[in-house]
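Here's the structure we're looking at; comments come further down.
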Amino acid sequence: MGRNDRSSYSHAKRLLAARITLGRALKDALFIAVGVFSAAFGLEGFLLPNGFLDGGATGIALLVARLTDLPFPLLLVLINLPFLAIAFKLAGRSFALRGSASILALALVTTLVHFPDMTHDRLLVSVFGGFFLGAGIGLAMRGGSVLDGTEVLALALGRKIGISIGDVIMVMNVAIFGVAAWLIDLETAMYAMITYLAASKTLDLVVEGIEEYTGITIISPHHAEIRHMIANEMGRGLTVYSGKRGFTKGMGAHEVDILYCVLTRLEIGRFLTEVDKIDPNAFITMSPVKDVRGGIMLKRRGH
């Protein structure tokens, strides 16, 4: 390759990298912007007019706003400041700045943009307020940012004391709901739990996707037939590893092909049925997969 060819290739590679970076930045910004407006709609259209609460830093801000005359947008920013400081130490300046900008944008939108009161039915307020708030937080996370800093604190505490992030968040929210029951009333705390459950389930749906993926490992002497079934009958991609069985009673070590594929939860039943037809004694392990990119995950046309 000549000097001009190398120069052209390097230039094209830099342009491609710049296009990918710009495209990703625009996509992240769109996710965050939609997330901010969704969360603001959940707050302004449902939770704030009815004095409802949620979990996390947002729930603390809602609780303090209800008990005092302080404005919610100001409380939202002030309460999230310590969490953003932790984010700066854990994830770096870029993530902390992005999170700060997102939370500040949410505070500004709830201040400047007026959303109508959608309903005063308590159950509807709990469910749909939590839904739009959770969707907003999830979309912001898809954009690489946060609208609620408690996840950052949970990560820091989880690393320090060796418990899961989910357990830390649960303990924090139990404390928030307990304070709400003590200072306001038990009914308010119970509705706050419904709001939190709706928000957390919606957040999981947005972040992890509608389809739940499962990674499957198969070890069988009939691996060629199973591989053919997965690729041709189910229309899925798979990977073949060269492995070696360990010593078992009555058998020595020997070479074996190990199959790995990713399926949606709805396909598991059919997959197991087809494998049983080929080898009922096949060794199969399954594990949840958070997200999938690339590969052959969509069925081929005609299957």
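Quick one: in region 128-142, which of the residues that are of a type outside the set (Lys, Arg) and open to solvent by 60 Å² or more (accessible area, probe 1.4 Å) is nearest to residue 197 (Cα to Cα)?
Looking at the filtered set, the residue picked out is 131.
State the number of residues belonging to region 74-120 that are part of a helix (DSSP H, G or I) and open to solvent by 30 Å² or more (accessible area, probe 1.4 Å).
24
Residue-by-condition table, conditions (1) open to solvent by 70 Å² or more (accessible area, probe 1.4 Å); (2) at pLDDT 85 or above; (3) within 13 Å of residue 218 (Cα to Cα); (4) touching a Gly at 6+ places or on another chain (Cβ under 9 Å):
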residue: 249; (1), (2), (3), (4): yes, no, no, no
residue: 266; (1), (2), (3), (4): yes, no, no, no
residue: 269; (1), (2), (3), (4): no, no, no, no
residue: 274; (1), (2), (3), (4): no, yes, yes, no
residue: 278; (1), (2), (3), (4): no, yes, yes, no
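Within region 29-61, how many residues turn out to be farther than 13 Å from residue 138 by Cα, open to solvent by 10 Å² or more (accessible area, probe 1.4 Å) and polar (S, T, N, Q)?
Total meeting the criteria: 1.
List the residue pairs whose Cβ atoms are under 6 Å apart, where the first residue sits in region 228-243 and is over 11 Å from residue 274 (Cβ atoms), the second is in a loop (DSSP other than H, G, I, E, B), and the two are 6 or more positions apart or on different chains.
Every condition considered, the pairs that remain are 235/299; 235/300; 235/303; 237/295; 237/296.
Taking the conditions exactly as written (touching a residue at least 60 places away in the same chain (Cβ under 8 Å) and of a type in the set (S, T, N, Q)), does residue 110 satisfy them or not?
It is true that residue 110 is touching a residue at least 60 places away in the same chain (Cβ under 8 Å) and of a type in the set (S, T, N, Q).
The values are calculated or read from the model by the stated rules, or taken from the named source; none is laboratory data. Just so it is clear, the model here is predicted, and its values are computed rather than measured. Cβ: placed from backbone, ideal geometry, glycine included. Neighbour counts: every protein chain shown. The protein model used for the area step is the full one, side chains on, heavy atoms only, and it has no ligands, DNA or RNA in it. Shrake-Rupley method; radii C 1.70, N 1.55, O 1.52, S 1.80 Å.
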